[in-house]
Amino acid sequence: VVASFSSSTIQQSLSLEFGETVHIREEYWSNEKTVTWLRGCSFNNKSKKGIFPASYVHTKEFTVENEGPCEIVSPVEDAIVKEVSFVLREWNGQWKSLFVYRKSLFHTILLVMGELCKFRATIVSNTLTKEHAEEMKHQAVTMIDWGNGQLGMDLVPRVDYQQADPDSVSAVEMFRIHERSVRNCQGAYPDGIVTITEREKHQGEAIHHLLVSLYSFACSVGDNSEVLLSLYDSKDGKFISEKFVMYFTKDGQREGSDKNSSTI
């Protein structure tokens, strides 16, 4: 549903809420080419059926299990997109309470909700490259964790931005995941949401230049080889930079260079 719909003057109409999912069962055509009305039910209450304008919904792919009277229809959508929709509805009530009690967090949550709406629309449009889509999902998850922490909601343990399966993750790893979630929800602003004042204050900070010299490659493999150099974060246990590739001949000499040492 791309827009809320409610009408008391139309008989057998179905009220729609922005972001919810509906199951379309029938189509009504005003002419041979245009569908104007649809009939179906909401996934939140499948027992209630009604009609609603076709312009208020956007169709997407789905899967059907156990076809028949007891069939189960599940929309095919990205997990992050689905979570963003759920989070925005959940935050809406909390956000209104912040306004009532005049909390300063009100404006920040409003800004984050606006960014999440933009992220969701961009991801759904399916116009991004795989790398850009993954980066945008990472930013969305970071904002969700930050907002849940600021609003006092439960934090979701994640592995690679997806909800972690407690049956496949060890207790130690789950503890580290929770630690990262707590760190992500701290601070006045989430990563990716920085005001002009904060940006000016932090200009020139956290900028480092590393000079790496490789003097020898003492590994005789008897064939051409590649050496990958990358920065590693021992605290999080993962690589945090792109890989730089160096090529060596079977004699251990750097390809394309007559020197014994190479500076990166």
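Values in this text are rule-based calculations from the coordinates and carry no lab data. Given the structure is predicted, the values throughout are model-derived calculations rather than measurements. No Cβ is skipped: glycine too gets one built from the backbone with ideal geometry, and neighbour counts run over all protein chains shown.
Pairs over the 27 Å Cα-Cα cut-off, from the set LYS49/LYS118; LYS49/LYS137; LYS103/LYS238; LYS82/LYS130: LYS49/LYS118; LYS49/LYS137; LYS103/LYS238. For the range 1-81, trypsin sites (Lys or Arg not before Pro) meeting the loop criterion (DSSP other than H, G, I, E, B) and having at most 11 other Cβ atoms within 10 Å: LYS33, LYS60.
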